[in-house]
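In what follows, a single structure is set out as structure tokens and then discussed.
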Amino acid sequence: MSDRGSGFGSFLLGIAVGAVVGFLFAPEAGDDTRRRLSKRLRNLRDVAEEKVDEVRGLLEADENEEEEEEEPSTRERLQRRLDAARRRRRRGEEAPAQVEEEDEPLA
């Protein structure tokens, strides 16, 4: 077996040295640093809220445009085709030649 330890003592020594160096070279007192940090975080939060509001406005505008330009749903298209077929049947017309529609590829 090895006479070396697991290195946990070195790890603790590194933490202690890092803490001491941090206290010695800290640019400001803790209260000042916390105040500056909280002010920056508030400003960041305000900017994020503004951006979220902008995105919401864009999404709502896009939804309104889609509602105006919306294509009929599949159900509506099928209903129209069924109505047209019923009218033709009542008049005694033959159905037009079937047009092959392209199927969408399956994922």
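Every number here is computed from the coordinates shown, using simple stated rules; none is lab data. Just so it is clear, the structure is predicted and the values come from calculations on it, not from any experiment. No Cβ is skipped: glycine too gets one built from the backbone with ideal geometry, and neighbour counts run over all protein chains shown.
Which chymotrypsin sites (Phe, Trp or Tyr not before Pro) does region 8-47 hold that lie in a coil by DSSP with at most 16 other beta carbons within 10 Å?
Here the sparse-neighbourhood loop sites are Phe25.
So how much slack lies between Ala29 and Glu50, counting 0.36 nm per residue of separation and subtracting their Cα-Cα distance, in nm? List each step's numbers first, then the result.
Numbers: separation 21, 0.36 × 21 = 7.56 nm, distance 3.21 nm.
Separation in residues times 0.36 nm, less the Cα-Cα distance, equals 4.3 nm.
Which GluC sites (Glu not before Pro) in region 16-50 pass both tests, a DSSP loop state and at most 12 other beta-carbon atoms within 10 Å?
The qualifying sites are Glu28.
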